[in-house]
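The values are calculated or read from the model by the stated rules, or taken from the named source; none is laboratory data. Remember, it's a predicted structure, so these values are computed and weren't measured experimentally. Quick reminder, even Gly has a Cβ in these numbers, built from the backbone with ideal geometry, and neighbours come from all protein chains shown.
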Amino acid sequence: MNRLADKTAVITGGNSGVGAETAKLFADEGAKVVISARRKEKLEQVAKEIEDAGGEVLVVPCDIANVDDANHLIEEAIRHFGQIDILVNNAGTLESGMKPIESATDEDIDRIIDTNLKGTMYVTRAAIKEMKDNDAASIVNIASVAGEKGCGPAAYASSKAGIIGLTKHTAFRYAGTGIRANAVCPGTIATPMTTNMDPAELDNDMMHAMATHLDLKAPVSTAEDIANIALFLASDESKAITGQILVSDFGASL
């Protein structure tokens, strides 16, 4: 307990799945948490769980693909709590059909890159300006094994590969300053985003390729599994770690 005492954490996509579990875990560990997502009602449900457990939380509805929203999120975190020690870039979206590059639509590319990559860059850019005087700040980016291995739909894999590049750039840029950046690359996670996919929409060729190159018998991660890794990377226990890309898929992609 209290591994994050006296720290403030901003968590995007905090309304469900990995983001919600990370927010609840961080609050249990003593952090003040700021949660954002587009759906205010879901955010407020998560906030109530945190408050009922004795935690402190601020809800900021936000579409990170909108640069003004992203800036507003960080402004509200500073106005309310006065500091940002931890940023968890978790918000993201996935196309419904697991489309390979030859089938990716313009709409898929624009929507997914705008949210997953550009949105993450907007929030990071705003947050890091507030972290510059902090000698123990941590950025945890939730990427994907698809971005590390290419084993996923084209737009999604490209967006997550971009997050890996952003992670390495940020770590390089701020090495030795106390600001760290690392990325978690989960495999399949049991969250609403994945479990609500319609099997009839899946691209058969893409699914066959994934079955050929991945061990689909490996266990599926839970949101709690990824939240626990994020906790370690956010805490001072990992203060010597920066610029690292941690795949978490039970060895499915080995």
Subset tally (residues that are in a helix (DSSP H, G or I) and under 22 Å from R79 (Cβ atoms)) for segment 24-36:
2
Any chance A183 is farther than 16 Å from E148 by Cα, modelled with pLDDT of 95 or more, in contact with a Lys or Arg (Cβ under 9 Å, 6 or more places away or on another chain) and among the hydrophobic types (A, V, I, L, M, F, W, C):
no
The condition of being buried (at least 23 other Cβ atoms within 10 Å of the Cβ) and on the phi < 0 side of the Ramachandran plot holds, among A136, A146, A65, only for A146
Just wondering, is there one or more residues in segment 150-168 that are surrounded by fewer than 17 Cβ atoms within 10 Å (Cβ to Cβ), within 28 Å of S253 (Cβ to Cβ) and modelled with pLDDT under 95?
yes
Could we say that D205 is in contact with a Pro (Cβ under 9 Å, 6 or more places away or on another chain), at pLDDT below 85 and of a type in the set (D, E, K, R) here?
yes
Please find, within segment 94-117, the residue that is nearest to D68 (Cα to Cα) out of those that are surrounded by fewer than 18 Cβ atoms within 10 Å (Cβ to Cβ) and within 16 Å of the chain's Cα centre (by Cα).
D114
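Residue-by-condition table, conditions (1) closer than 25 Å to M121 by Cβ; (2) of a type in the set (S, T, Y); (3) buried (at least 17 other Cβ atoms within 10 Å of the Cβ):
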| residue | (1), (2), (3) |
| --- | --- |
| K7 | yes, no, yes |
| N15 | yes, no, yes |
| L25 | no, no, yes |
| E41 | no, no, no |
| K48 | no, no, no |
| I84 | yes, no, yes |
Subset of segment 186-200, residues at pLDDT below 95 and either closer than 24 Å to S238 by Cα or part of a helix (DSSP H, G or I) (or both), comes to G187, I189, P192, M193, T194, T195, P199, A200
Could you look through segment 130-145, keep only residues that are over 14 Å from the mean Cα position of the chain (by Cα) and part of a helix (DSSP H, G or I), and pick out the one that is nearest to V184 (Cα to Cα)?
M131
K217 being basic (K, R) and at pLDDT below 85:
yes
May I ask you to verify whether G92 is touching a helix residue (DSSP H, G or I) at 6+ places or on another chain (Cβ under 7 Å), of a type in the set (G, A, S) and more than 28 Å from D135 (Cα to Cα)?
yes
